[in-house]
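The values are calculated or read from the model by the stated rules, or taken from the named source; none is laboratory data. Here the structure is a predicted model, which is why all the values come from computation and not from measurement. Positions of Cβ are generated from backbone atoms using ideal geometry, with glycine treated the same way; all protein chains shown enter the neighbour counts. Surface accessibility is based on the protein's heavy atoms, side chains included, excluding ligands, DNA and RNA. Shrake-Rupley method; radii C 1.70, N 1.55, O 1.52, S 1.80 Å.
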Amino acid sequence: MLQNPVSRALASTGLLVLFLALAFLGAWIPADAKLWELRFGAANRLPSGEVIFVDIDSASLAEVGIWPWPRSLHARLLDQLMAMGAYEVAFDIDFSTTSSPTEDAAFAASLERAGGYAYLAAFRQVSAAGVEVWSRPLALFAQFTQAALVNVDGLEAGMVWSLPGQNASQDLKSIAAHFSFGKTVPESLHIDYSIDLTRVVRVPASAVLDGSVDPRLIVNRQVVIGASAIELHDLLLVPRFGVVPGPIVHIAAAETVRQDRALVDLGFWPAAGLAVLFVSGSLLLPRLNLGWAVGVSVAASIALEAVTGTLFARHALQIDTSLFHALVAGILVIRLLEDRAVRRQQLRQYHQRLEYLAHHDEQTGALSPSAWCAEVTKTGMQMKALLLRLEQVEATGASLGFAVTDQVVSLFYRRLLAATDLPIGRIESYVFAIAVPETVVEDQLRGHLSQLEAPFDVGGHLVVLPVRYGLSGARAGRTAEATLQDARTALAMAVGRDLDGCAYQPAFDAEMQHRRALDIALRSAIEKEELDIAFQLQVDTRTRQTTGAEALLRWNSAELGRVSPADFIPLAEDNGTIIRLGNWVLHESCRRAMAIGWDGRLSVNVAPAQFEGSDIVAMVQSALVETGFPAHMLDIEVTESSIAGGEGSIIDALAALRELGVSIAIDDFGTGHSSLSHLASLPVDKLKIDMSFVRQITTARGAQMATTITELGTKLGLSIVVEGVESEAEFAFFADLGCDTVQGYLFSRPGPLPASSIVQSAA
Ligand code: C2E
Ligand code: MG
Ligand code: MG
């Protein structure tokens, strides 16, 4: 509400108008009174000492015992003072009524003796009926004296700030005016209470009467006679000094005029003008941050106080500033409220965002896994969970940039949105979950999948990514979370088996568990020395002599027992441990061959991941250098699938290996997808015909296949190795075809490496 500029302007000007109105109503007077008390105190100055107070105090009253005093007593007091050399005497006492003729005569005589240097009080009263009544000294007295106006002005904050300096219409002058001959005294005389009234000389009337007073206090002084006795009720409340006797106020006024300190009261207008400027500035100038705003506000108030204090001290100007201070504080409060409102709004937005992010994926807006489950549960429907995984995103991102694949992921999510009204969750970076009716089976999915696999157009790039799926079983009263877990298992199984997708089967759980156990155990197999190498001999078809051996990895796990390479090699490829395992096999087999004096060839299997994730050329080289095994006796077996794509980097690595003197064999030839024509251009030396062909030679078609492959390889100048030869008939078939080498149970089961290849002769 407060954070927009219009409402801020409204609030600020509203406050200004309100505070000005309050100023007219006098609401700031108490605050200003306090400030003035402080300023008066701070600017403290001494009275001149020329004006003294002869005080009819309680003691003086008690001595005489009656009030009003007999006029003869006043006469004695005046005579005494004049005798002591007082310059002028003003009575702040009412002589407007007659007492007894003798008493009045005695006083009149004394006044006459004073020779015009005595003044008697005149004052204005307002009767209960509202009629103004002027009390003046009796005519009897007035012939010898002048009247002195002793009223004070109306109170502000209950205190006397000023008194009438003179009243032209009544032809009356105040005591201060009488005492300041030759000076003009304003009609309203504002008293400067910085004059320290506690330092005004006070003499008890009784001490004057009995002559005990030091005459030096009286001589040449201007004297105000009046009462401080509480009983006489002539007490006034003034700033800074609190309750003082009325005569003291007249002495204060007299001192004020004497010191040229009659204050000029400018009221609140200067501060009001500055307040308007301040409000305009706060609205029009560039917005400060809170710290600066507080600083500037405090500085503005302090500056105004400094100026006010100086104007007062030097030029007796009186300016009321609390309106300004209150407004500055008010504007600051508005600012604080505003900031708080902004903070609250930010906090609210932040919480909303957190709340959103707790349940949604930031990039696409898809539901989080838990939110997806909650939404599916809310629908109350029995549904299957279908997980869809975008494949090859990482590789695509690496070549086209991840900004592109991020967009592809978002576009994929939009396709899903268009395809279903049911909740969509993002389960992993590239895996989304949707709910499908329980009747859906795998076959029905394929059509939909091809739509989802349509090319994505991202800024001109056409990106095609396969989609793999995992479908849960029927929910059948189970939770959405359990269904989602099934789908995850199915998807993992599809990945593990390299299938387009999989529907969940209960047996998967055990298998997944087994895979997990394998995964964990495999990671520490090298350190635990659970690995070994078995060597399978390779035999020359013409001489039946051993010419070489293939190194085959063996794993005897402490927890899981003997694990087949067919189980753990794919896993090791998935989790990346194949790089360490493969390196170990390379070094260890070369080391053992050297240790035992093996003089035949050595074949070592290398997985595709070793080409992608490590520098295979450097590894082979280091194995050769470290063990001293001769490069020209080493065969590196790569599966057909690893070179099927003909990726440049793998071809380059194979060429580099051949440069080292190493030979390259294509393992399991015939099972992959490489085109035969492609074979001619590859840097390879040998073909290893897969044992599945050996099993099929009993059929005419199988025999033809084996024949074709052998002839092709031979024509390309490649050496042919036949794997899995188990019988003499198989041996004879391939020997007749002209294959160079065979490998199989007929001659040798994988086992320890014999000392020399020559020892091993035909079975
Ligand atoms: P491969 O490289 O094609 O190895 C031949 C496989 O056929 C071996 O299985 C071997 O024991 C088996 N074999 C040999 N003669 C016969 C036979 O007459 N009849 C039958 N039925 N089988 C025979 P193994 O040792 O279980 O290895 C399986 C696969 O694991 C290997 O196939 C190879 O692809 C992979 N492998 C083994 N060791 C390593 C290794 O150190 N690195 C890599 N990357 N892969 C390895
Ligand atoms: Mg092999
Ligand atoms: Mg093989």
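A few notes on this one:
- Residue match in segment 717-724 (condition: among the acidic types (Asp, Glu), closer than 24 Å to ASP532 by Cβ, assigned by TED's automatic domain parsing to the domain that holds LEU552 and outside any helix (DSSP H, G or I)): yes
- Taking the criterion of being over 21 Å from ASN44 (Cβ atoms) and buried (at least 19 other Cβ atoms within 10 Å of the Cβ), the residues of segment 302-322 that qualify are LEU304, SER322.
- When segment 687-704 is filtered for residues that are under 20 Å from GLY717 (Cα atoms) and near ligand 3 (Cβ under 10 Å from one of its atoms), the ones remaining, listed by number, are LYS688, ILE689, ASP690.
- Taking each residue of segment 431-451 that is open to solvent by 80 Å² or more (accessible area, probe 1.4 Å) and looking for partners that are of a type in the set (Lys, Arg) with beta-carbon atoms closer than 8 Å, six or more apart or interchain, yields GLN451/ARG415.
- Listed here are the helices (runs of 4 or more DSSP H) enclosed by segment 1-98 that have at least 1 residues being of a type in the set (S, T, N, Q) and closer than 29 Å to ALA142 by Cα: 58-64, 71-83.
- When ALA623, ALA595, ALA655 are checked against the criterion of being at pLDDT 90 or above, open to solvent by 30 Å² or more (accessible area, probe 1.4 Å) and either within 13 Å of ligand 1 (Cβ to nearest atom) or closer than 27 Å to PRO752 by Cα (or both), a single residue qualifies: ALA595.
- Residue count for segment 709-730 satisfying the condition of being under 18 Å from SER663 (Cα atoms), more than 14 Å from ligand 3 (Cβ to nearest atom) and in contact with a strand residue (DSSP E or B) (Cβ under 8 Å, 6 or more places away or on another chain): 4.
- Answer residue from segment 736-747, given it is away from ligand 3 (no atom under 15 Å from the Cβ) and within 19 Å of GLU550 (Cβ to Cβ) and is surrounded by the fewest Cβ atoms within 10 Å (Cβ to Cβ) among those: LEU746
- For segment 638-671, a residue qualifies if it is touching a Phe, Trp or Tyr at 6+ places or on another chain (Cβ under 8 Å), in a helix (DSSP H, G or I) and within 16 Å of ligand 2 (Cβ to nearest atom), and the qualifying residues are GLU640, SER642.
- HIS74 passes every criterion in (1) farther than 28 Å from ARG199 by Cβ; (2) buried (at least 23 other Cβ atoms within 10 Å of the Cβ) apart from (1).
- Residue within segment 545-552 that is surrounded by fewer than 13 Cβ atoms within 10 Å (Cβ to Cβ), assigned to a strand (DSSP E or B) and either within 16 Å of ligand 1 (Cβ to nearest atom) or not assigned by TED's automatic domain parsing to the domain that holds VAL440 (or both) present: no
- Matching entry among SER162, SER169, SER135, SER127 (being buried (at least 19 other Cβ atoms within 10 Å of the Cβ) and either closer than 21 Å to VAL238 by Cα or in the same structural domain as SER100 (by TED's automatic domain parsing) (or both)): SER162
- Test for ASP635: is it free of Cβ contacts under 8 Å to residues at least 24 places away in the same chain and either assigned to a helix (DSSP H, G or I) or in the same structural domain as ASP574 (by TED's automatic domain parsing) (or both): no
- Odd one out for ALA329, checked against (1) touching a residue at least 60 places away in the same chain (Cβ under 8 Å); (2) part of a helix (DSSP H, G or I): (1)
- Filter pass, ARG562 being of a type outside the set (A, V, I, L, M), more than 16 Å from ligand 3 (Cβ to nearest atom), assigned by TED's automatic domain parsing to the domain that holds VAL684 and in a helix (DSSP H, G or I): no
- Residues of segment 500-521 include at least one that is open to solvent by 20 Å² or more (accessible area, probe 1.4 Å), in contact with a Lys or Arg (Cβ under 7 Å, 6 or more places away or on another chain) and either of a type in the set (Lys, Arg) or not assigned by TED's automatic domain parsing to the domain that holds LEU602 (or both).
- Here VAL219 fits the description: open to solvent by 50 Å² or more (accessible area, probe 1.4 Å), under 25 Å from ASP79 (Cα atoms) and assigned to a loop (DSSP other than H, G, I, E, B).
The rows are residues; the columns are (1) farther than 17 Å from ASP574 by Cβ; (2) of a type in the set (Lys, Arg).
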| site | (1), (2) |
| --- | --- |
| LEU484 | yes, no |
| ARG488 | no, yes |
| GLY496 | no, no |
| LEU499 | no, no |
| CYS502 | no, no |
| ALA507 | yes, no |
| MET512 | no, no |
| ARG523 | no, yes |
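- Residue under evaluation LEU602, criteria (1) open to solvent by 50 Å² or more (accessible area, probe 1.4 Å); (2) within 16 Å of ligand 3 (Cβ to nearest atom); (3) not acidic (Asp, Glu), criterion not met: (1)
- Any chance VAL563 is within 16 Å of ligand 2 (Cβ to nearest atom) and either among the aliphatic types (A, V, I, L, M) or buried (at least 19 other Cβ atoms within 10 Å of the Cβ) (or both): no
- For segment 686-712, filtered to residues that are touching a residue at least 40 places away in the same chain (Cβ under 8 Å) and within 18 Å of VAL638 (Cα to Cα), the residue that is nearest to ligand 2 (Cβ to nearest atom) is LYS688.
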